[in-house]
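See structure below.
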Amino acid sequence: MDKAKQTLLILLHLAGWTLFVYLTFPHFKGVEPPLSSLRFPWLYVACYSFLAAYFYCNVHVFVPKLLSGKKIALFLCVTVIAYLLFCFTIPWVFRYLLIPDTLRHFGPEMLPQRPDFLPPDGSRDVINRASTAPPRPFSLFRRLGVYAHSYHFLVVFTVSTGLKAVSQWYVEKQRLQELERSMVQAELSFLKSQIHPHFLFNSLNSIYYLALSKDDKAPEAILSLSDFLRFVTTESNHSRIPMEKEIKMLEEYLRLQNLRTSEKLELKVQVDGDFRSHTIMPLTFIPFVENAFKYGVSAYRSCFIHISATLEGGRLRFACDNSTISKLKSSSASTGVGLENIRKRLELAYAGRYSLEIKAEDMAYRVKLQIDLE
């Protein structure tokens, strides 16, 4: 905590205690206090000092160590002991032990009064006995100020316990949110780390077929793969990247794949919208496109891959349709590592703000993704 915040906190505490003393001290409210308090003001000094000590002990020790530590019985015992000390022990000590005898039984509530009549026998023994009789419990409570002290203690107890409980709840909430963000980020990083070898494996597989057929495009494919992997490893370290970079990454991937595709493939790509003011999770499109190339391309029969990305009003619509090759039809039902990976990443990054629909038809495999971007 910096000095400015610490100074502000101290001033708030001083203002709070000043207001509390103003509202509870009888001299400030026009109420005539007991005569003993006028002659012996240290009683109020002791009371307010005890309340202040209890307040900070309750905030820093009793609530976090006992109440939050599930030691409720011990917390209640400490509270009751503090209440008895404040409401009974301190007033009793000051009123009956420390205050001189001349002031002990003299106060506004016990002013001597002349009787309106004498007893039938003319004696004053009855009056003397009444004046020396032990006080009744309610009268004793009134003289000790138990009722007012109970109210003051209740206020301090409620405020200190409530403030600490609310602050602990807020800190715990912040901690859980930070932990959740850390877990989400860690899982996203783990999922992205799985993508890199997956793409590398499929791309090397493509280059293998080029080299096997002694195609002159093999060196160009290796260079394209190097550029693509450099781009992927640089941008995928961020939780969000500009949409323009994601589109560029998609174009680089398509260029890499086109090096091994045949004339039988009908590839269509449509991109509409202003992507400059929006960001997206990296490697969002490529797993679907990679899946299309993996299961929808044939060198011996006509096939197609249709890709579209449209951004309108902060809502992104992406679609990827590809033909289904009969000999790989059994494999096309599986989403593979790439699609299962993107499902998890979408749920972590856009929970409640996306929809993903995948349909495996007889002759086509269709993917529709919609995301409400921030």
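Below is a table of values for the structure above.
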read-out	value
Hits in the range 287-312 (condition: farther than 20 Å from I207 by Cα and modelled with pLDDT under 85)	R301
Where a residue in the range 236-255 is more than 14 Å from F293 (Cα to Cα) and its partner, wherever it lies, is of a type in the set (S, T, Y) and not in a loop (DSSP other than H, G, I, E, B), with Cβ under 7 Å and at least six apart	R240/T279; I241/T279; P242/T279; M243/T279
Tally, over the range 1-41, of residues that are modelled with pLDDT under 80, touching a Phe, Trp or Tyr at 6+ places or on another chain (Cβ under 7 Å), of a type outside the set (S, T, N, Q) and in a helix (DSSP H, G or I)	2
Test: V156 is at pLDDT 50 or above and surrounded by 13 or more Cβ atoms within 10 Å (Cβ to Cβ)	yes
Flag if K248 is touching a helix residue (DSSP H, G or I) at 6+ places or on another chain (Cβ under 9 Å), modelled with pLDDT under 80 and assigned by TED's automatic domain parsing to the domain that holds F318	no
Failed item in (1) surrounded by 14 or more Cβ atoms within 10 Å (Cβ to Cβ); (2) of a type outside the set (K, R); (3) not in a strand (DSSP E or B), with I305 passing the rest	(3)
Complete set of residues in the range 207-223 that are among the hydroxyl-bearing types (S, T, Y) and either assigned to a loop (DSSP other than H, G, I, E, B) or modelled with pLDDT under 75 (or both)	S213
Condition met for Y54 (within 17 Å of G16 (Cβ to Cβ) and in the same structural domain as Y170 (by TED's automatic domain parsing))	yes
F50, sole failed condition from (1) exposed (fewer than 14 other Cβ atoms within 10 Å of the Cβ); (2) closer than 21 Å to K164 by Cβ; (3) at pLDDT 80 or above	(1)
Where Y300 falls short, out of the listed (1) within 42 Å of the chain's Cα centre (by Cα); (2) not acidic (D, E); (3) not in a helix (DSSP H, G or I)	(1)
Filter result (buried (at least 18 other Cβ atoms within 10 Å of the Cβ), not aromatic (F, W, Y) and not in a loop (DSSP other than H, G, I, E, B)) within the range 277-293	I280, I286, P287, V289, E290, N291, A292
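The values are calculated or read from the model by the stated rules, or taken from the named source; none is laboratory data. This is a predicted model, so every value here is computed, not measured. Glycine gets a Cβ as well: all are built from the backbone with ideal geometry, and neighbour counts include every protein chain shown.
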